[in-house]
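Peer 1: The structure follows.
The values are calculated or read from the model by the stated rules, or taken from the named source; none is laboratory data. It should be emphasised that the depicted structure is a prediction, and the values quoted were computed from it without experimental measurement. Note that each Cβ is placed from the backbone with ideal geometry, even for glycine, and that neighbours are counted across all protein chains shown.
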Amino acid sequence: MLADRYDLALSTASEAARDAYVQGCDLALTFYPGAIEAFDRATAADPSFSLPHAAKAQVLMREGNVAAARAALVAAKDLATRVLEREASHIAYFDLAFAGQTDAAIDALYAHLATWPRDALVLATAANPNGLIGASGRIGQKHQIAALMDSLAPHYGDDYWFLAHHAMALSGDGQLAAARPKIERSVATNPNNAHGADGFAHVCYESGEPDTARAYLSSWLATYPRGGFFHGHLSWHLSLCEIEAGNWPKALSLYRDAMALDRHSGGPQQRMSDGAAFLWRSELAGHPRDAAAWRALYDYATSALPSRARRPARHPGAGRHGRRRRARFSQPPDGRYGARGALPVRLLLADAITRLRGVRARRFFRGDRGACPARRRKRAYWRQPRAA
């Protein structure tokens with residue numbers, strides 16, 4: 001029986017379908033363009049092969065193309081009557097995640113990985129800080145991700161993709177010394193992995209080495225496709241290094257070229273969090289507020305990000321806590337925020353706060369609130385315990 005790169009059996013007898021599926025998985029896992037086209041080639045070679053439909057759905061959902069993602073998942077489910085047990089569990093997991101059933105999806109995730117720990121496409125949805133667990137709103141989610149990756153490490157050995165995510169999880173849990181050798185092995189084994197570049201940038205920046213991250217990202221982005229899903233996000237990382245170095249013109253150029261809404265290569269949540277985080281960081285560094293950019297982000301958030309009113313369009317990983325945060329975007333600014341109608345940074349950065357939760361960030365968000373009941377409720381919300 002044919003198998004994928006992680007030695008998992010596939011319910012296809014077509015080598016062409018298998019090869020295209022494996023190529024698509026590699027592109028999807030490393031955030032390089034071309035995954036959807038590869039999955040289409042796999043289904044063309046074997047129309048009864050269900051997994052390429054599910055994998056295509058995963059990529060489409062990540063990009064914010066919800067309707068097409070749901071259609072692809074339906075196609076996978078229609079074929080799920082003649083698949084292997086692992087494939088049926090794989091598709092059922094994504095069905096729960098896409099439906100926004102966060103608690104059930106997390107339970108299904110752990111059960112699936114306990115039996116098939118090397119199902120990388122399933123693991124990919126939870127291995128990053130903004131994935132199923134990270135966006136669930138559960139206390140201690142970063143430690144939970146690190147513990148999950150620790151438990152699976154023996155099954156992956158020196159696999160470059162897993163090492164990058166393991167390092168990222170350890171970094172997010174404050175274990176920088178343990179993360180450093182893993183991310184260095186990952187990028188040395190396969191430099192063509194956007195998650196590896198992301199993890200390296202995180203570890204360097206959080207270790208107080210912004211110049212190292214700056215040099216690495218400047219070189220790495222020069223060869224990464226402009227349409228790669230992480231081009232905007234990694235440009236955001238580089239812009240922080242440029243701000244740290246006092247190179248504001250370069251940082252602003254990166255924002256305009258790769259992070260502005262009409263230039264960002266990522267999905268809706270990534271566009272929102274990167275753009276808002278850049279604008280906020282630039283203000284903290286003393287640069288003037290770009291009111292027009294904030295307004296554009298606000299308008300984009302109210303139309304593109306899921307809310308209670310559009311529950312079926314929610315993204316996987318957007319649990320109860322995520323819905324509560326994004327619901328705030330639908331509340332337009334009123335006179336409390338000044339006659340000019342300037343948008344408050346604290347309102348627009350709700351999606352970015354998961355990554356920017358330091359003491360300085362919390363104080364910044366609490367800064368100028370008055371004593372009215374609505375503001376007291378908001379203050380109480382931000383004072384809830386947070387994961388480290």
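Peer 1: Checking the condition in contact (Cβ under 8 Å) with a residue 24 or more places away in the chain, charged (D, E, K, R) and over 22 Å from SER11 (Cβ atoms), which residue from ASP158, ASP119, ASP150 passes?
Peer 2: Details: ASP119 fails: over 22 Å from SER11 (Cβ atoms); ASP150 fails: in contact (Cβ under 8 Å) with a residue 24 or more places away in the chain.
Unique residue meeting the criteria: ASP158.
Peer 1: Here is a list: HIS233, HIS166, HIS143, HIS195. Which entry is out of contact with any Cys (no Cβ under 9 Å at 6 or more places or on another chain) and under 23 Å from LEU297 (Cβ atoms)? Don't jump to the end; show me each part of the working.
Peer 2: Details: HIS166 fails: under 23 Å from LEU297 (Cβ atoms); HIS143 fails: under 23 Å from LEU297 (Cβ atoms); HIS195 fails: under 23 Å from LEU297 (Cβ atoms).
From the options HIS233, HIS166, HIS143, HIS195, the qualifying one is HIS233.
Peer 1: Considering only segment 198-211, I want to know if a residue exists there that is closer than 24 Å to LEU132 by Cα and touching a Gly at 6+ places or on another chain (Cβ under 7 Å). Outline the logic, then answer.
Peer 2: Step one: of segment 198-211, the residues closer than 24 Å to LEU132 by Cα are 198-203, 206.
Okay, now just the ones that are also touching a Gly at 6+ places or on another chain (Cβ under 7 Å), so none.
No, segment 198-211 contains no residue that is closer than 24 Å to LEU132 by Cα and touching a Gly at 6+ places or on another chain (Cβ under 7 Å).
Peer 1: Continuing with the same structure: Tell me, please, whether a residue that is farther than 18 Å from ALA293 by Cα, part of a helix (DSSP H, G or I), touching a helix residue (DSSP H, G or I) at 6+ places or on another chain (Cβ under 8 Å) and not polar (S, T, N, Q) can be found in segment 244-263.
Peer 2: Of all residues in segment 244-263, those farther than 18 Å from ALA293 by Cα come to 244-247.
Now drop any that are not part of a helix (DSSP H, G or I), which leaves 244.
In the following step, the residues that additionally are touching a helix residue (DSSP H, G or I) at 6+ places or on another chain (Cβ under 8 Å) were identified as 244.
If we keep only those that are not polar (S, T, N, Q) too, we end up with 244.
Yes, there is a match, as at least one residue in segment 244-263 is farther than 18 Å from ALA293 by Cα, part of a helix (DSSP H, G or I), touching a helix residue (DSSP H, G or I) at 6+ places or on another chain (Cβ under 8 Å) and not polar (S, T, N, Q).
Peer 1: Follow-up. Being surrounded by fewer than 23 Cβ atoms within 10 Å (Cβ to Cβ) and either of a type in the set (Ser, Thr, Tyr) or farther than 22 Å from LEU284 by Cβ (or both) is the filter here, so list the residues in segment 232-265 that pass it.
Peer 2: Those that are surrounded by fewer than 23 Cβ atoms within 10 Å (Cβ to Cβ) and either of a type in the set (Ser, Thr, Tyr) or farther than 22 Å from LEU284 by Cβ (or both): SER253, ASP262, ARG263.
Peer 1: Enumerate the pairs (first residue in segment 70-91 and within 11 Å of ALA55 (Cβ to Cβ); second residue anywhere and part of a helix (DSSP H, G or I) and of a type in the set (D, E, K, R)) with beta-carbon separation below 7 Å, excluding pairs fewer than 6 apart on the same chain, so at least 6 apart or on different chains.
Peer 2: ALA72/LYS56; LEU73/ASP95; ILE91/LYS77
Peer 1: Can you name every residue in segment 203-241 that is under 16 Å from ASP257 (Cβ atoms), out of contact with any Pro (no Cβ under 9 Å at 6 or more places or on another chain) and in a helix (DSSP H, G or I)?
Peer 2: Hits for segment 203-241 are LEU217, SER218, LEU221, GLY232, HIS233, LEU234, SER235, TRP236, HIS237, LEU238, SER239.
Peer 1: I want to confirm something. Restricting to segment 30-52 and keeping residues that are crowded, with 24+ Cβ neighbours inside 10 Å and not hydroxyl-bearing (Ser, Thr, Tyr), which single residue is farthest from the chain's Cα centre (by Cα)?
Peer 2: This residue is PHE49.
Let's see how each residue does on (1) at positive phi; (2) surrounded by 23 or more Cβ atoms within 10 Å (Cβ to Cβ); (3) touching a strand residue (DSSP E or B) at 6+ places or on another chain (Cβ under 8 Å):
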| residue | (1), (2), (3) |
| --- | --- |
| HIS165 | no, yes, no |
| LEU170 | no, yes, no |
| GLY174 | yes, no, no |
| ALA177 | no, no, no |
| ALA188 | no, no, no |
| PHE200 | no, yes, no |
| PRO210 | no, no, no |
| TRP220 | no, no, no |
| PRO225 | no, no, no |
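Peer 1: Only one residue in LEU60, LEU152 is under 28 Å from ARG185 (Cβ atoms) and among the aliphatic types (A, V, I, L, M), so which one is that? Explain how you work it out, then say what you get.
Peer 2: Working: LEU60 fails: under 28 Å from ARG185 (Cβ atoms).
Answer to the check: LEU152.
Peer 1: Any chance segment 94-106 includes a residue that's surrounded by fewer than 18 Cβ atoms within 10 Å (Cβ to Cβ), hydrophobic (A, V, I, L, M, F, W, C) and over 23 Å from SER265 (Cβ atoms)? Before the answer, list the steps.
Peer 2: Let us first name the residues in segment 94-106 that are surrounded by fewer than 18 Cβ atoms within 10 Å (Cβ to Cβ), namely 99, 101, 103-104.
Next cut, hydrophobic (A, V, I, L, M, F, W, C) only: 99, 104.
With over 23 Å from SER265 (Cβ atoms) added as a condition, the list becomes 99, 104.
Checking segment 94-106: at least one residue is surrounded by fewer than 18 Cβ atoms within 10 Å (Cβ to Cβ), hydrophobic (A, V, I, L, M, F, W, C) and over 23 Å from SER265 (Cβ atoms).
Peer 1: I need the full set of residues from segment 9-51 which are assigned to a helix (DSSP H, G or I), touching a residue at least 60 places away in the same chain (Cβ under 8 Å) and of a type in the set (A, V, I, L, M, F, W, C), in order please. Full working, then the answer.
Peer 2: Within segment 9-51, the first condition is being assigned to a helix (DSSP H, G or I), and the residues that meet it are 15-30, 35-45, 51.
Among the residues that remain, those that are also touching a residue at least 60 places away in the same chain (Cβ under 8 Å) are: 25, 28-30.
Result: CYS25, ALA28, LEU29.
Peer 1: So is THR43 polar (S, T, N, Q) and farther than 21 Å from HIS195 by Cβ or not? I'd like the intermediate steps shown before the answer.
Peer 2: Numbers: polar (S, T, N, Q): yes; farther than 21 Å from HIS195 by Cβ: yes.
Judged against the criteria, THR43 is a match.
Peer 1: Would you pick out the residues in segment 9-29 that are more than 25 Å from the chain's Cα centre (by Cα) and not small (Gly, Ala, Ser)?
Peer 2: Step one: filter segment 9-29 for residues more than 25 Å from the chain's Cα centre (by Cα), giving 9-19.
Selection gives LEU10, THR12, GLU15, ARG18, ASP19.
Peer 1: Assuming PHE230 fulfils every condition listed in (1) modelled with pLDDT of 95 or more; (2) over 24 Å from ALA276 (Cβ atoms) apart from one, which condition is it?
Peer 2: For PHE230, the exception is condition (2).
Peer 1: Would you call ALA54 more than 30 Å from THR223 (Cβ to Cβ) and without any contact (Cβ under 8 Å) to a residue 24 or more places away in the chain?
Peer 2: It is false that ALA54 is more than 30 Å from THR223 (Cβ to Cβ) and without any contact (Cβ under 8 Å) to a residue 24 or more places away in the chain.
Peer 1: Tell me whether segment 142-157 contains one or more residues that are outside any helix (DSSP H, G or I) and closer than 25 Å to ALA57 by Cα. Write out each step before concluding.
Peer 2: The initial filter retains those residues of segment 142-157 that are outside any helix (DSSP H, G or I), namely 157.
Next, only the ones that are closer than 25 Å to ALA57 by Cα stay: none.
There is no residue in segment 142-157 that is outside any helix (DSSP H, G or I) and closer than 25 Å to ALA57 by Cα.
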